[in-house]
Amino acid sequence: MGFPTRHTKAPDRKRENYSGQRLRTSAEDISYLDRPRDMATLSSQTFLKLRQHCLEEIREESAQWKTSMGSYIRFATETFNLAENQTQGNRQSNLQVKYRPSVKSASMDTHMPIQLMGSTKKGLRQLESRIGDLKSFVAQKLEMTDQEIDASFGAEQVEALALSIDQLEQNKGFVIGDQTGIGKGRVVAALLRYAKKNARHAVFVTQKSNLYTDMIRDLQDIGENIKELKILATNNENKIVLSSIGEKDITTPKKSIHEANLEKLAEDQTALENDYDYVFTTYHQMNRKSTKPDKLGFTDIINEPRHKFLESIAPNAIFILDESHTAGGLSTRKAGEDLDTRAEFVRDLLRQSRGAIYSSATWAKNPAVMDLYMNTDIQLAIPDADAFVDVMQKRGLPLQQIITSMLTETGQYRRVERSFDGVEYNIFNDGNGVIHDTNVSKSVSDILIDIHNLDVKLTKVRKDVGSQDSEANRIAQEVKKTPNIIITSFKSQLYNVSSNLMTSFKVQDTLNLAVDEVKNNNRKVVITLAKTDEAFIKNQMDIQNKKTGDVLNITYADLLKGYLRKIRNYRVSVKLKDAKKAVAGTGELKTLTDQEIVNFGSQEFLDGYNELIQKIDAEPLLRDIIVNPIDAIINGLKDQGIK
């Protein structure tokens, strides 16, 4: 963040622009001001100088300049207060600052990402200017006293409730991005109460039905009378176990009775309001099945009673999505591509609703599905969901951070965290790099180049063979569509091949580090892997006719030969617009025969393929490369007497 651009002509006396060098060459390095994340690392002396400098400017310049510098004074003052934390004994990091809630209730001892502090405070100031005291506002909307608010919520939770309720009053959405362990559950419980008190259908959506119990416990913690609680779960024959809180279990009847009740409530929402307080459902319940594709590849969505029920109540409902990222859809989706049936259904409900609460600490981790959050002011920036996804995917993390900051300033996002003090993130480096055997690497690289070269030669062969597919051509002529020959190039799979190799090189180092931590430092160790090669191992089990528990002998040579075989594969597909599948009789995986390689290519191509198989089998260095890292690590730990 730089200084404001000047709007008036500079006085006659010599003075540099505030984006220039004068302030940057002060006793303290004020160039930090161009890096907001480092604001709290500046000394209080620096900020006192900065504040004084701004005050001098305001006295000398025009009204417009006064407005700009006035904003900057507030910014500098806030940041000065953050920097003061260091002098008061509160540990800071380059990523977090101690958070001081504006609500006069007990603080939960939280921190905040430093880049969100300014926008958070601005959003809260704007909210207070509109609704007055935040605690009084929340107490009024929840029909609770200030004392009951203090007994049930921390100051940070009250702020989140004030922001959330304010957005719901406008039929908009709010994202609760608090880190796990801050108490999002109580905030969600209070928002369910708000929906009920304000004649809205309160719909709680979570990952698994066993989490219904946790939400009921949170409702109890904020003062709800659990004995009189009337919950409608959409699940058939579902039991909400409440023995842990000393209450009777809540059970839904068998399928025929329960679905008949859902259909009745869909038609008579007055009965829903009279007979139930809250609706509980899961993301799995929102899955919709499709009919089998017809001959042309078209399918129909099957709406079951629970879907019809949720659609019918949506226009007067507030949806509260626990772990909302679960509703996003496929992470591999591209802009314009169809959503899966659950993701599409959730978005349809939210579009019709009276507001949405998204509860997730990782809400924006996947730009491909961020159109889920169109109930916020995101929709004002880019109303078209596909266009928004396209922009997010192209601009990536920087744009995600900008949108997060803008939503925070608007009062539609809030995140607080536990302190990261004492948490270390270290990258192991033994000085030798990852690759410990250049001979192995060279051998693998040579083979990969050979596979790529042969793949390029066989690409034309596969296209020529595919174009002669008589059945696909006949079907294409009938439906007046051109067949599409689908070929997956080896180049597009090279990352997977090389990452397998990199993982194998790291197994022994990982094992050594784990053993050292357990035996010498008495620590418990968590080992995570980016790739487990599960699909490859299952394929080899099928090839070798093995079952779970059998000994499976596999090497990196088997992995390479598997990729080599794939360069003979292709598909000929005929697909109509908006169809889910290819027209029947097309789209199946096909493999070039030896004779097709010779007829449409040459004998040289076939000889090259067979020679490469032999080369891979004959390379002794491939035998020692680990292709089942989990087994290797588990067995290595067992050898050291570690469970």
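The values are calculated or read from the model by the stated rules, or taken from the named source; none is laboratory data. Note that the structure is a prediction, hence the values are computed from the model and not measured. Please note: Cβ atoms are built from the backbone with ideal geometry, for glycine as well, and neighbour counts cover all protein chains shown. For the accessible areas, the whole protein counts, side chains as well, though only heavy atoms, and no ligand, DNA or RNA atoms are used. Shrake-Rupley method; radii C 1.70, N 1.55, O 1.52, S 1.80 Å.
Among the residues of the stretch 74-88, is there at least one that is surrounded by 20 or more Cβ atoms within 10 Å (Cβ to Cβ) and either part of a loop (DSSP other than H, G, I, E, B) or at pLDDT 95 or above (or both)?
No, there is no match, as no residue in the stretch 74-88 is surrounded by 20 or more Cβ atoms within 10 Å (Cβ to Cβ) and either part of a loop (DSSP other than H, G, I, E, B) or at pLDDT 95 or above (or both).
List the number of the failed condition for E478; all other conditions in (1) under 23 Å from L622 (Cβ atoms); (2) part of a helix (DSSP H, G or I) hold.
(1)
Quickly run through the stretch 530-569 and pick out the residues that are open to solvent by 60 Å² or more (accessible area, probe 1.4 Å) and hydrophobic (A, V, I, L, M, F, W, C).
Passing the criteria: A530, A535, I543, V551.
Among what's in the stretch 229-249 and is over 32 Å from the mean Cα position of the chain (by Cα) and under 22 Å from I313 (Cα atoms), pick the residue that is surrounded by the fewest Cβ atoms within 10 Å (Cβ to Cβ).
K230
For I165, work out the one condition from (1) open to solvent by less than 10 Å² (accessible area, probe 1.4 Å); (2) of a type outside the set (F, W, Y); (3) in contact with a strand residue (DSSP E or B) (Cβ under 6 Å, 6 or more places away or on another chain) it doesn't fulfil.
It is condition (3) that I165 fails.
Inside the stretch 602-620, can you point out the residues that are open to solvent by less than 80 Å² (accessible area, probe 1.4 Å) and within 46 Å of the chain's Cα centre (by Cα)?
F605, L606, G608, Y609, N610, L612, I613, I616, D617, A618, E619, P620
In contact with a helix residue (DSSP H, G or I) (Cβ under 9 Å, 6 or more places away or on another chain) and in a strand (DSSP E or B): which single residue out of I447, I485, I451 fits that description?
Details: I447 fails: in a strand (DSSP E or B); I451 fails: in a strand (DSSP E or B).
Of the residues listed, the single one that is in contact with a helix residue (DSSP H, G or I) (Cβ under 9 Å, 6 or more places away or on another chain) and in a strand (DSSP E or B) is I485.
Determine the pairs where a residue that is under 14 Å from I318 (Cβ atoms), located within the stretch 164-193, has a partner that is among the aromatic types (F, W, Y) and outside any strand (DSSP E or B) with Cβ atoms under 6 Å apart, the partner being 6 or more residues away or on another chain.
Note: pairs meeting the criteria are I165/Y194.
Tally the residues that are within 15 Å of L552 (Cα to Cα) and either of a type outside the set (G, A, S) or free of Cβ contacts under 8 Å to residues at least 60 places away in the same chain (or both), restricting the search to the stretch 626-643.
Total satisfying the criteria: 7.
Check G336, G329 and return the single one that is outside any helix (DSSP H, G or I), of a type outside the set (F, W, Y), surrounded by 19 or more Cβ atoms within 10 Å (Cβ to Cβ) and modelled with pLDDT under 90.
On inspection, the qualifying residue turns out to be G329.
Can K561 be described as of a type outside the set (F, W, Y), farther than 17 Å from T591 by Cα and more than 32 Å from the chain's Cα centre (by Cα)?
The answer is no for K561.
Looking only at the stretch 485-527, count how many residues are open to solvent by less than 30 Å² (accessible area, probe 1.4 Å) and either touching a strand residue (DSSP E or B) at 6+ places or on another chain (Cβ under 9 Å) or among the hydroxyl-bearing types (S, T, Y) (or both).
2
For T586, are the conditions met, namely being among the hydroxyl-bearing types (S, T, Y), free of Cβ contacts under 8 Å to residues at least 12 places away in the same chain and over 14 Å from K460 (Cβ atoms)?
Working: among the hydroxyl-bearing types (S, T, Y): yes; free of Cβ contacts under 8 Å to residues at least 12 places away in the same chain: no; over 14 Å from K460 (Cβ atoms): yes.
So T586 does not fit the description; no.
Can you tell me which residue is nearest to L142 (Cα to Cα) among those in the stretch 220-252 that are at pLDDT 90 or above, of a type in the set (V, I, T) and outside any loop (DSSP other than H, G, I, E, B)?
I231
For the stretch 162-175, name all the residues that are farther than 15 Å from R415 by Cβ, assigned to a helix (DSSP H, G or I) and within 23 Å of the chain's Cα centre (by Cα).
Result: Q167, single match.
Results for (1) buried (at least 22 other Cβ atoms within 10 Å of the Cβ); (2) more than 17 Å from the chain's Cα centre (by Cα), shown as yes or no for each residue.
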site: A381; (1), (2): no, yes
site: F388; (1), (2): no, no
site: R395; (1), (2): no, no
site: L399; (1), (2): no, no
site: E409; (1), (2): no, yes
site: R414; (1), (2): yes, no
site: R418; (1), (2): no, yes
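How many of the residues in the stretch 92-113 are among the aliphatic types (A, V, I, L, M), open to solvent by 10 Å² or more (accessible area, probe 1.4 Å) and over 23 Å from Q170 (Cβ atoms)? Full working, then the answer.
Start the filter on the stretch 92-113 by keeping residues that are among the aliphatic types (A, V, I, L, M), which leaves 95, 97, 103, 106, 108, 112.
Checking which are open to solvent by 10 Å² or more (accessible area, probe 1.4 Å) leaves us with 95, 103, 106, 108.
With over 23 Å from Q170 (Cβ atoms) added as a condition, the list becomes 95, 106, 108.
Residues that pass the stated criteria total 3.
Please go through the stretch 104-129 and pick out each residue that is part of a strand (DSSP E or B) and closer than 15 Å to I402 by Cα.
If the condition is that a residue be part of a strand (DSSP E or B) and closer than 15 Å to I402 by Cα, then P113 is the only one that fits.
In this structure, does A356 turn out to be open to solvent by less than 30 Å² (accessible area, probe 1.4 Å) and touching a strand residue (DSSP E or B) at 6+ places or on another chain (Cβ under 7 Å)?
For A356, the condition - open to solvent by less than 30 Å² (accessible area, probe 1.4 Å) and touching a strand residue (DSSP E or B) at 6+ places or on another chain (Cβ under 7 Å) - is met.
I'd like the full set of residues that are in a helix (DSSP H, G or I) and within 24 Å of L560 (Cα to Cα), limited to the stretch 513-544.
E534, A535, F536, I537, K538, N539, Q540, M541, D542, I543
Which one is surrounded by the most Cβ atoms within 10 Å (Cβ to Cβ), of the residues in the stretch 203-218 that are part of a helix (DSSP H, G or I) and among the aliphatic types (A, V, I, L, M)?
I216
Give me the residue from the stretch 193-202 that is of a type in the set (K, R) and part of a helix (DSSP H, G or I) and, out of that set, modelled with the highest pLDDT.
R193
Being acidic (D, E), part of a helix (DSSP H, G or I) and at pLDDT below 90 is the filter here, so list the residues in the stretch 339-355 that pass it.
E344
Test each condition in (1) β-branched (V, I, T); (2) open to solvent by less than 60 Å² (accessible area, probe 1.4 Å); (3) under 30 Å from V583 (Cα atoms) for T482 and report the one that comes out false.
T482 satisfies every listed condition except (2).
Can you name the residue in the stretch 250-279 that is among the acidic types (D, E) and out of contact with any helix residue (DSSP H, G or I) (no Cβ under 7 Å at 6 or more places or on another chain) and is also most open to solvent (accessible area, probe 1.4 Å) among such residues? Write out each step before concluding.
Just the residues of the stretch 250-279 that are among the acidic types (D, E), to begin with: 259, 263, 267-268, 273, 275, 277.
Those left that are additionally out of contact with any helix residue (DSSP H, G or I) (no Cβ under 7 Å at 6 or more places or on another chain): 267-268, 273, 275.
Numbers: E267: 163, D268: 64, E273: 108, D275: 81 Å².
Residue satisfying both the conditions and the ranking: E267.
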